[in-house]
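The values are calculated or read from the model by the stated rules, or taken from the named source; none is laboratory data. All figures in this text were calculated on a predicted structure; none of them were measured in a lab. No Cβ is skipped: glycine too gets one built from the backbone with ideal geometry, and neighbour counts run over all protein chains shown. The area values use the complete protein model at the heavy-atom level, side chains included, leaving out ligands, DNA and RNA. Shrake-Rupley method; radii C 1.70, N 1.55, O 1.52, S 1.80 Å.
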Amino acid sequence: MTRAGSVAVNVAVTDVGEGSYGVKVIGGNSTGLTCGEWTTSVTLGGVVVKTFTTIVSPAAASPAHSYIIGGAASADGTPFGAVGSVTVQLMDAFGCAAAGTADAGALHAAFKGPHDAPTGIESLGAGRYHVSFLPESPGTYNLAVTLHGTPIMDPPRCVGVSVGAGAELPASTSAGVGVAPAKAGDFDLSGAGGLAVEAWINPRTMPTQKASVVYKGGPARSGDSIKGYQITYDTNYVFTASVYVGRAEVRSVTSSAKSAGYDVNTWLHVGLLYDGSTVTLTFNGVVAASSETFATSKSAENPYPADADFTVGFGVDGSVDEVKLWDGSKGPLPTPATLAARLYCPPFKLSGLPGLAAYVPFSETSNTTSLVFSAACTPAL
């Protein structure tokens, strides 16, 4: 038997009597026989009697011979809130890659750690499978892959999940980052039961004009419903948290972060809380300004541009990270106390937080794009 490249293997011929012969070829890398197309020649006394093509197919996939390409450590450094993955190669016991996709239902992966992460498996063909996972918090995880309930060649291994880097916004790009919701309407906070907005900001320099950490305009410039909210700061690092609560009324409070001891090149958590009557601005979970008394504008127009997208970091020179939007009509809102209590805690399981309308972790490797999560919608694996 021969194949392209002048590779040849010997066969064992056994006389079984009455002019019949049995031909046997032992597979495996040590014999030189591998899967693929071979040319088989039958000779008698050195004369070719017949030549035909033989297809050597892989045997059943063997867990003990299957492995993760590059090892589990190839996923090290995956940021939380971003889909990580490894590629699994299924092999038979003779060194051939498993064929087809028949093993997809028997292949399982578990990604366990601070918050056990869901996994997905996608066939790539030729015995290769894409195993993806979506960790919701940083830390050390254990990746275990089994086939028919038996561990593959790679034993369960540790994978480090990082904190990511945030949305990096250079001074030359003042337009900010436009973010699409996980599902339509996630960013349109109704305000019926109040709302909350929180984010981390780390400016390199102060803006020459007002910069927006988080900004959301509205679908119309008039009407009674809440159509806009934003957190901004000016060239003196004075923050303003504002909400358009209805016709001709914007409610806002201001406070100086610089006077509170914060400056450039330092991460600062800012929060906008609105409970239906009081607007509160927080710095690192501490109330910086709060008011329930506001002047009413004579204008009946919404001051936020019509049809404005949800935007993060407009005019910011620096980084913005961990943006969260809360809708009080869907579930409990954070308070200054709860913000302060979990300020530096890792992210959390979303299913127990119905009020979380959107969570934007900015953990993708490009830094200025991000999956968007909500209590009702998480990205599919």
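Around Asp103, with a cut-off of 12 angstrom between Cβ atoms, what is the net charge of the other residues, counting Lys and Arg +1 and Asp and Glu -1? My count for the surroundings of Asp103 gives 0. Peptides 197-205, 14-22, 276-284 ranked from most to least packed by the mean count of surrounding Cβ atoms within 10 Å: 197-205, 276-284, 14-22. Spherically averaged projected area of the convex hull of Cα atoms, region 1-132: 11.3 nm². Please report the net charge: other residues with Cβ closer than 12 Å to the Cβ of Ser62, K and R +1, D and E -1. Net charge around Ser62: -2. Taking amide H as placed 1.01 Å from N in the peptide plane, the amide H of Thr78 sits under 5 Å from that of Ser162, each at least 5 places away or on another chain. Placing +1 on each Lys and Arg Cβ and -1 on each Asp and Glu Cβ, with no other charges, gives region 50-190 a dipole about its Cα centre of roughly 440 debye. Across the accessible surface of region 103-155, with the other protein chains kept in place and a 1.4 Å probe, carbon and sulfur atoms take up 55 percent. Among the listed pairs Lys258/Lys330; Lys183/Lys210; Lys216/Lys324; Lys210/Lys330; Lys210/Lys258, those whose Cα-Cα separation exceeds 24 Å are Lys258/Lys330; Lys183/Lys210; Lys210/Lys330. Packing around the peptides 148-158, 42-52, 227-237, taken as the average count of other Cβ atoms within 10 Å per residue, puts them in this order, highest first: 227-237, 148-158, 42-52.
Remark: accessible surface ordering of Ser363, Ser41 (largest first) is Ser41, Ser363, probe radius 1.4 Å. Residues in region 258-274 carry Karplus couplings, in order, of 5, 5, 8, x, 9, 8, 5, 6, 9, 5, 9, 8, 10, x, 10, 10, 9 Hz; the curve used is 6.51 cos²θ - 1.76 cosθ + 1.60 with θ = phi - 60°, and Gly or Pro positions show x.
Subtracting the Cα-Cα distance of Val25 and Ala8 from 0.36 nm times their residue separation leaves 5.0 nm of extension gain. If R0 is taken as 35 Å, the Cβ-Cβ distance between Thr140 and Ala64 corresponds to a FRET efficiency of 0.85.
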